[in-house]
Structure formats: structure tokens, C-alpha cells
1. Identify the single condition in (1) closer than 25 Å to residue A:339 by Cα; (2) of a type outside the set (Phe, Trp, Tyr); (3) surrounded by 20 or more Cβ atoms within 10 Å (Cβ to Cβ) that residue A:203 does not satisfy, given that it satisfies every other one.
2. Determine the pairs where a residue that is more than 7 Å from chain A (Cβ to nearest Cβ) and closer than 22 Å to residue B:235 by Cα, located within the stretch B:33-59, has a partner that is hydrophobic (A, V, I, L, M, F, W, C) and surrounded by fewer than 17 Cβ atoms within 10 Å (Cβ to Cβ) with Cβ atoms under 9 Å apart, the partner being 6 or more residues away or on another chain.
3. Would the stretch A:247-268 turn up any residue that is under 22 Å from residue B:52 (Cα atoms), at the interface with chain B (Cβ under 7 Å from one of its Cβ atoms) and at pLDDT 95 or above?
4. So which of B:440, B:393, B:405, B:412 ends up being without any contact (Cβ under 8 Å) to a residue 40 or more places away in the chain and either closer than 30 Å to residue B:560 by Cα or in the same structural domain as residue B:522 (by TED's automatic domain parsing) (or both)?
5. For the stretch A:309-338, what are the residues that are free of Cβ contacts under 8 Å to residues at least 24 places away in the same chain and not in a helix (DSSP H, G or I)?
6. Applying the selection to the stretch A:230-254, what residues are crowded, with 22+ Cβ neighbours inside 10 Å, without any contact (Cβ under 8 Å) to a residue 24 or more places away in the chain and either of a type in the set (A, V, I, L, M) or in contact with a strand residue (DSSP E or B) (Cβ under 9 Å, 6 or more places away or on another chain) (or both)?
7. If you go through the stretch B:362-405, how many residues are part of a loop (DSSP other than H, G, I, E, B) and in contact with a Gly (Cβ under 6 Å, 6 or more places away or on another chain)?
8. What are the residues in the stretch A:291-321 that are more than 25 Å from residue B:9 (Cβ to Cβ), facing chain B (nearest Cβ under 9 Å) and either β-branched (Val, Ile, Thr) or within 13 Å of the chain's Cα centre (by Cα) (or both), if any?
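The values are calculated or read from the model by the stated rules, or taken from the named source; none is laboratory data. What you see is a predicted model, and the numbers here were worked out from it, not measured in a lab. Heads up, the Cβs are rebuilt from the backbone with ideal geometry, glycines too, and the neighbour counts pull from every protein chain shown.
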Amino acid sequence: MFQHDRLNNEITIFQKIKNLDYILLISVILLSIISLFVMYSTDGGEILFHTKNHFVKLMVFFPLMIFLAFFNIKFWHSISYIIYLLVILLLIYVSFFGIKSSGSQRWMNLYLFVLQPSELMKVAIILCLAKYYHRLKIESVNTFTSIIVVLTIIIIPIIFVISQPDLGTSILIALSGLIILWLGGVKIKYFIYSFFTFLISLPFIISFLKPYQKLRILTFLDPDRDPLGAGYQIIQSKIAIGSGGLNGKGFLKGTQSYLDFLPEKHTDFIFTLFSEEFGFIGSVGLLILYSIIILRIVRIGSISRSNFARLFCFGYAFAIFIYIVVNLSMVLGLLPIVGSPLPIMSYGGSSMLATMIGFGIVLSAKINHKQIIA
Amino acid sequence: MIKSSSGIRKADVINRRMFIIGAAKIIVFAAIVARLFSLQINENKKYLTLSDKNRIREWKLPPTRGNIVDYFGNIIAGNLKVYQLHIIPEQVENFNYLLVRLKNLLNLSEKKIARINKLKAELKPWDSIIVSENLTWSQFVKINNYLYDLVGAKPVMTISRNYPFKDVYTHVLGYVSQPSEQEILNNQTVQERFVPGMKIGKLGLEKKLENYLIGTNAIQRYEVNAYGKRINQLEHQKGKQGAKIRLTVDTEIQKTCGELLSDKAGSISVMDIYTGDIIAMYSSPSYDPNSFLFGISKDEWQLIRNNPLKPLINKTLSGLYSPGSTIKPIVALSALENNVVDTKFKVKCTGKIELYGQTFHCWKEKGHGWVSLNNAMKQSCDTYFYEVARLLGVDRLNITAEKFGLGKKVLGDYFDNEKKGLFPNTKWKKNNLGRGWVLGETLITGIGQGYIQSTPLQLCMMTAQIANGGYAIKPKIIVDDKPISLEDAKALMQEDILEGFGKKLFKDEKNIKIIQEAMFSSTNERFGTSYRSRIDDPKYQFAGKTGTAQVKRISKRERELDLELEQIPYKDRDHALYVAYGPYANPRYALSIIVEHGGSGSKAAAPIAKKLFKLIIDRHDLRNKQPNFEEISI
């Protein structure tokens, strides 16, 4: 494979290494190190299950990212649809044979670790649509057929994910897909129309929601409605973050998490713990680190010669941004609680795998930014 | 070429749209930073407080009750260190093993083990189970020696109520015990300060003064986790012991009262005739209040409850007796005050009088012959008082009697179980029994029988008010913040200003004097009913009046038999009463004695007064010297 690439593009392995985006790499490494410390804190200042597993996953997925980066962007372009279809197949498999846990069926057991295909779909949908718009003539972007096709591409995985049920991930998949439509040049008025249609149909959508999902929305609107029940997570999370103050309570000194007041502190609420222990300064620092990553991805997209790479990078940058925004808004009490992990920081193999694959493709785009895809 | 230009145009579109998104991203990130700022900087204090509220939990410890002391400062209700054994289930490695070990060490019953297991199921694993509330020192040492083998068991030193004089003050103090749910709800202070294991007053002053005695909780602050488990102790805030209450009682006299009434049912009350201080107030038989502290055993409770002498009844305050002849000073006084009789007025006693075909007997079958007031009091001639009562009428008698405190509570609110007693009049009978008053009833009222009912403390107060020259006093058992000295009391009495204090109860001072002299004769002159119990030494000389209250109507046959006391069934024997005051020359104390079913007042009650008076007068100097050592505010 390498042989083939090199012959085609006349790029040596050393050049590839040289062409890697080191600012992005360093940022990701930095984020990984921070995430290990935070995980160590969630384990109560000991190297326990979560810290160990998180470390192992980083040690596996980070090299995987570099490995994937060495594939030519053309290769990713060529297998985009296949990846999409593969993940759809996994979603179908999960909906029949998946592992059930706390009322939802999202996982498949791969013996080494448990995979959540819907996380992979977050990247696969961007790849698939990027390829679609790359190949679509600009004149055809706003034709009825093309819009129906892309909407179908988005809706099929969402149907599977929402029936798992997993509202959070399906919203993220939808947003990741829609951003490519936006970038691809779908008319602004279509977005406006559909936004209003969405608003009008909101009551009907709500009536289809599961009771626990309705409860989450109600709780979001008024967390004090049931402070020990549904509102507990939001309230405790706000208390933890608010009590962090400017400098935070100090590493391993976050009483809210240490004394188990924080729910889901390893996964969705990892930022809460970080913010409690490192305060406003730490939180803004983390946001800056994420911003650097996003900006680097955007830059890689803008220097890419191929529209596929450009669309993927912009789309993926936006996806990362959306993950962060949804997660932070949730823990800050700005959005209802929908399960959504914070990239790299949160404990969870599938999310990290998907994120690293995405970074790998971005790095591949960087290495091959001069590559033109016909 | 077209394709590539399309590609370039597409790139332009993508870039333009990306730019718009970039701007949106900046706004959203700025919003998130703003939110972080508002939570972490602006509202930091609020959330810090909430976070502390989350993690810090307070544990209240039982408050330490205030001491109750007698007039001389001796503790009569105090606190004692006790040794307890607690189990903290979550620290126990093997619960059954621990129970078996403890069962052997402390001889726990199967029932107790079952109760511990039940508690374990009910309580949270970090809540301690009290295995034993009161370990002996040797048990405590034993537990400590084997502690290495008793993982999860915790020997605890704590404080518990203690009554050092045991049964001496039971009816005054009452006792403390575990409150019922209702009792907690009824008292807000208790509700606020309640912690499991806390005891509250169940009876007497312990109950009445609960809010003063209770004290404040010591507070321990712990850091806890979300499940309420204690992680570590933060600080300890000491509680304040409850208020110290000083009573007017004298333990020496109170103790002696108990000894004098041992094996008898009855009551002794002693009162300062000027200040109203209650010097002693003993109801016999009594029981040990310490038994109630850790839950009384069933056997012991049955023993107390089924005792025919009724130790549970506070006879001084709730025992209602016919005053018998002890009412005669009031009857005589009322007659004098209403100018019905004078000292020269005489009645011929033949042992009985007839009225509308009904016979009224004098206690002396042969009769007393011609008797004047002084003589009639001295010998307690019933016939004389039948006649006087007939002339006086019950309504006028009632007015005088109520003035002297009969038919009213003496201590007011301090004791829930205090009874009012009853002094009848015609109106009362009409209202309550629906029938008209009969003259015969006036006659028997004149000798303290019939409807009339009084508590021993009322009789004591009545006597005190005669002794002090006929002035109203307000009896009290608690030394309050304005203790009144003898001089003040006397001065106030003369001033005749203050409501309730210094109120003259007589029209003519002379009449009181006549009654006092008659009571003196009764005790200190030959043929006086309590002549045999007199003390000649003027230092201790006292004046008094005996009384013998019938508990059932004496039939003609019985009267003829004239049985000895021992021959009459206990239940049918007369109550023996005696009221007295002294020293006669310069009176200071009054007392009332009742021996239930003791027979005649002169034989059963008056001798007790003789034994007691010496002590009371001897203690007087000490009492006088005792400073008001501290101001006590209630």
C-alpha cells in the first residue's frame, strides 16, 4: 500500500512524517495528558480502573491516528461510501444483537473492547457527505434529487441511533451532516425554511419523545423542580463548577467529585470535575486548547487543494466544536442533559476511537494537501 | 477545465460559508466563557456555600441537662458519666460473630440480640446501634480488653441523668426517660434538640422545667460523601449545659420526712410561713427514679404499680383527703370573724346531738360537757363545731376557707398532677349535684367531713397563713431571681398593698390570735389532743391541731364495738392528720402530716411532728446563713 502511494504521489515516508501537523499533534498529546490527570482524579487520586483503561486506549488509538494519517487522502476519498455503509451495517447489527445496558442497546462486544457504532457514524457521515459534495456539480447542489439524497444519507443512521435510543448522539450526527450541506452550498433559505418547519413540528416531536427525555427537557427548564431527582445532575454540576472559582480547588481536591456528588464524572461530566479543580483559568485554558485544535483543522482544510479534504476538515472541525459546545452547555446548565462526551477527555473507547480516526484523516489531508482528487 | 473551475467555485462557496461558521463559533465560545465567568467568578460564593452544604453534615449530640440543687446547693438531680457500648454496622467484619462474642461478655438476652438485629436492618450502616446504655465499670473494662476481637464495637463514655438521693425527691423532681413521638412533637425545643438516646422529663419539675433544663446540643461537623457516609471530622462545637435550678427544699428535712413515713402511705409538707418556701414535700412511699433512666424492667415496674400503698401517686399534691378536725381552726376563725360566736360562747357536749332525727356523734362517746372555743379546739370537740357550723352556715365558712387556700391549687402551674380539692357551699351542690344543701351537711363540713376535700399541701398553707398572723402567702419551690427575705415578707404583709402578697385574710387581728392560742392549747396543755407530742423547750415549742378523717361511715355496731386499730381492715382505718407551726413564740415554719389509714391523728400523725420539729428548727440557722449564692433566672 505504501509502495503504491509513494509511486503515485512521489512522497516518501520521511516527507510524510515531516508534513504532519505538529501543532495539532502537540495539542492532542497535551489534551491526552490532561485527560489522564483528570481521570486519575476521578479515581480518587489513585491509578485505578478508569485511569488504566484510559491510558491503554490512548496508547492504542494515538498510534492508530498516526498510522491512518499515512494513508493518502485519495484513499479515504475512495472508501468513504464503503466506510459509511460499513457503519450502517454495524448499526443494523447492534439494533438486533447489541448489548443492552440501562435501557438502551448501543454497543457490540468486540472482546477487546465494547464498540459503540453510533460514535463512528459521527465521522463516517462527514466522510460520506464530503465525498458526495466533492463529486456533485455546484449547479446540482440545490436540485431536488441531490437534497433528497443527502437527507436520506443523514436520516438512515439517525433512525437507527434514535431507536437505540440515543438522542444525544443522533443530534450530533444530524448536526455533523447538516454542516456539510451548509458548506456544500445548499441555499440559506432552505435552512431557514426547515428551521421554522422544525419549530412548528417541535410539539409533535416532543410528543414522540420518551418520558425520561421529556423529563430532561422539563428539568433543564427548571432544575429546582426536583432537586434530588431529575434536577440533581444539573444542580450538582453547577455547584461543582461554581465553587471552583478563579483558581479552582486544586488538583485532587474537588470535594464535589471526591465525595461522589457528581454524576457520570468519568464520562459526560468530566469537564465539571476539571473545572472544579482548576477553576475559571483552567477551564478557559482547556477551551483555548480545543480552539487551537479546531483552528488547526480549519487551516488544514483551507490549504487543501481538494474540496473533499476541505469539506471533511471544515466539517470535522465543526463537529468537534459542536461536541464541545453541547457537552459544556449541558454541564453548565445551558442545554438539557443529552448524553454527549467531551472529545478525548471523556472516558469511553468508541468516542476516542472515532475522534482519533477523524484526526488521522485530517492529518492525512495535511500530509497530502496538494493532492488533487478527480 | 470546466470541472476544475467548478471545483474552484465550489471551494469559494465552502470557504465563504466556513467564514460565517467561524464567526458563529467565536460567538458561541464567548457565550460559554461568559457562562463560566458568571458561575465561577460572579456566583462563586453562592456555589461555594452550596458545595459546603453538600459536603458538611452536622451531627447533634445529646445536650447535657442542667443540675437541680436544693437550697444549700446540694445536687439533687445531676449528671453522671455512663459507659455504653455501640456497634457501627459498616465497620463490623462479621456481625454474627460479634454478637456471639458480646452475648458471652455481657450476658445479653436472646431478645436483646433480636432487637439489635432488627435495628441493624432499620438503620443506615453508619448509624450506631446502642447495644448497652449503661455498662458497669467492670463490663466496660472487659469490653476494652477484648476490643481487638470486637471489630465494629465502640465503647462510648457519655453523660446520663442521675438522682443521687434516689427516692427522696421523686415526687418533686419526677424523672427523665426516652420521649415518645408525641412528646417530641408537642415541645418545639425538644423537637429542635432531639437526638436518639436523648432523655426528657416525664414528670414533676423535670417535665415542667424541660425547656430550662434541656441545654443545647454539642455539634460535630463531618465531611460526608453523597451517600451520607462520614469521611472525616471537621470540628466540634461544644453545647451549653441547661440552666441550673435551685429549689427551696432542704434535703436533710426531706430525707427525714421519708424516714418518718417509711412503710406508711402518707405525706409531709413543711413550709416557711412568711416566704412561702417549701422546705420539704414528701409523699410516701416513693420509688427510685434512676430505675427509669435506661428503661425500667417489667418486674420492677409491676412491683411499683401494684404496691397497695400507691407509690406512683404524689399524695402531697394529688392526694385528696377529708381534712377532719384540722379544719376546725378555720371553722372557729370563720365563726369569730362573722361574730357568730365569741370566746365565751359555750356548748354542752353529751357525746352526740340529734337533728331532724339524725344522730351526729362526737368522737368522745361520753361527751365533753360544757366547752368554750378554746376548750373545744383543745379537745377537738365535735359537738361544739356541729353547733358553730350550724350557726355559721356553710356559705360563710366557704368564704373563709377559700381565703386560706382551700379548694385552690397551691403551686399553680408547676405540677401537672396538683389537684384543686373542694370546699363545698350551697351553690356548688346545686350546680354539681342538682340537689339542695341539707343542714346535716353543714354539720359534718364543720368537722371536716363530707364533701370537703383537701390536699396535704393546702392544709400546710392554711396552717402557715394562720401562723403568720393571717396573711396570704404564695408558696414556691423554686428559688427565683428575686428571693424574698423575711424582713421584706413581713414588711409587705403589713403594707397590705400588693395583690396576692401581704393580703390580710382577717377582719380582726384578735381572732387570729384566739385561734393561735387554741392551737397552742391543743398541743401544749393537759387534755389537748396532741399533748403527748409536745416539746416543752420554747425553742422548739409548736402549736398544732390533730385530725382524724373517716374513710367510711361508721355503723352503729362498729361504734359500739370500739375496735382497736389493728382489728380494723387496713382499707377501713381512718386517715391520721396533723397540722402545726412553730416555734410558738416566734413562728417560722408550718407543716402538715398525713398518714393514710394511720388511725387517729394524735396517735399516728402528731408524734411525727414532734420528731420533725426539732430538726426543722435546728436547720433554721443554717438556712438563714445560706446566702443567695447566685442569681437564677427562669
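1. Among (1) closer than 25 Å to residue A:339 by Cα; (2) of a type outside the set (Phe, Trp, Tyr); (3) surrounded by 20 or more Cβ atoms within 10 Å (Cβ to Cβ), residue A:203 violates only (3).
2. These pairs meet every condition: B:56/B:234; B:58/B:219; B:59/B:195; B:59/B:219.
3. Looking through the stretch A:247-268, none of the residues is under 22 Å from residue B:52 (Cα atoms), at the interface with chain B (Cβ under 7 Å from one of its Cβ atoms) and at pLDDT 95 or above.
4. B:412
5. Once the filter is applied, which keeps residues that are free of Cβ contacts under 8 Å to residues at least 24 places away in the same chain and not in a helix (DSSP H, G or I), the stretch A:309-338 yields only A:334.
6. Passing the criteria: only A:239.
7. Result for the stretch B:362-405: 4.
8. Hits for the stretch A:291-321 are A:294, A:321.
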